Amino acid sequence: MTLSKRLQAVADMVTPGYVVADIGTDHGYIPIYLTKNKISPKAYAMDINKGPIDRATENIHMEELQDKIKAIQSNGMEKLEPGMVQSVVIAGMGGELMIDIIRNSPVIGTLKEMILSPHSDKDFVRKTMMKNNWKIIDETMVKDNDKYYTIMKVVPGREQNKYSPEELIYGRCLIEKQSDVFKEFLDKEYEKYTQILDVLDCNDSVIGRNIEIRRLRKLNRKARGLNG
């Protein structure tokens, strides 16, 4: 099975040897890839809706992996029990929903890692993780079908050095790596902010919005390692 760039980046973050639960699994592709390639000895494909569970079950049987993967209809992690998994993957949803799932997890204190790929509110996810004693040890960004995706690996632990505003928005690891994809993303975002300001500067009634966009554009340049 060949994964998309996004899903491959997610799967690559999982620690080999860990049993994993994929929350919001959809087609079950990540559990199938991880077990088929002997990265995970066992996996759980979990989703709140029956449709995705049916699709995942069909794909699991097609790959003859039903002895290694169990598909479970579950609201977030509620059907997990302590000791079942060491790693959890949550990808393909907004940051606020992701945090709700984590907060309501009955096994959060027993996990060794989480692989998170929020589609929005990434700064909120980073801030909440660190506030609750989860340390971000790696991040990567990939471009897939002209969209940019961020994937984080978090483990239990306290972050010793406080994140700056630009690190909360863009990710300390991504800023340090300065990959070509990340720099391209920042440059496109900078152009977007500049275009917005061109419009706002002609409207005196949105001064507050103007100030906020200028702040974000400045943080963008800091993340890019540039001035102005």
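The values are calculated or read from the model by the stated rules, or taken from the named source; none is laboratory data. The model shown is predicted, which means the values in this text are computed figures rather than measured ones. Cβ: placed from backbone, ideal geometry, glycine included. Neighbour counts: every protein chain shown. All accessible areas refer to the heavy atoms of the entire protein, side chains included, with ligands and DNA or RNA removed. Shrake-Rupley method; radii C 1.70, N 1.55, O 1.52, S 1.80 Å.
Here are the numbers for the structure shown:
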quantity	calculated
Single condition Ser87 does not satisfy, out of (1) over 19 Å from Tyr29 (Cα atoms); (2) at pLDDT 95 or above	(1)
From the options Ile72, Ile99, residue that is surrounded by fewer than 22 Cβ atoms within 10 Å (Cβ to Cβ) and either free of Cβ contacts under 8 Å to residues at least 12 places away in the same chain or under 14 Å from Val125 (Cα atoms) (or both)	Ile99
Total residues in the stretch 108-161, condition open to solvent by 50 Å² or more (accessible area, probe 1.4 Å), of a type in the set (S, T, N, Q) and touching a helix residue (DSSP H, G or I) at 6+ places or on another chain (Cβ under 9 Å)	3
Contacts under 7 angstrom Cβ, first residue in the stretch 119-146 being in contact (Cβ under 8 Å) with a residue 60 or more places away in the chain, partner basic (Lys, Arg), 6 or more apart	Asp138/Lys153; Val142/Lys5; Val142/Arg6; Asp144/Lys5; Asp144/Arg6
Members of the stretch 1-30 found to be more than 15 Å from Gly92 (Cα to Cα) and of a type outside the set (A, V, I, L, M, F, W, C), listed by number	Thr2, Asp12, Thr15, Pro16, Gly17, Tyr18
Hey, Asp22 open to solvent by 40 Å² or more (accessible area, probe 1.4 Å) and either more than 16 Å from the chain's Cα centre (by Cα) or closer than 25 Å to Lys147 by Cβ (or both) or not	no
Filter result (over 12 Å from the mean Cα position of the chain (by Cα), assigned to a loop (DSSP other than H, G, I, E, B) and not charged (D, E, K, R)) within the stretch 139-180	Asn145, Gly157, Gln160, Asn161, Tyr163, Ser164, Gln178, Ser179
Filtered residues of the stretch 169-186 (kept if closer than 18 Å to Leu216 by Cβ and either aliphatic (A, V, I, L, M) or open to solvent by less than 50 Å² (accessible area, probe 1.4 Å) (or both))	Ile169, Tyr170, Gly171, Arg172, Leu174, Ile175, Phe182, Phe185, Leu186
Selection from the stretch 178-202 of residues that are free of Cβ contacts under 8 Å to residues at least 24 places away in the same chain and of a type in the set (Lys, Arg)	Lys188, Lys192
Any hit, the stretch 45-57, residues being closer than 30 Å to Arg158 by Cα and open to solvent by less than 10 Å² (accessible area, probe 1.4 Å)	yes
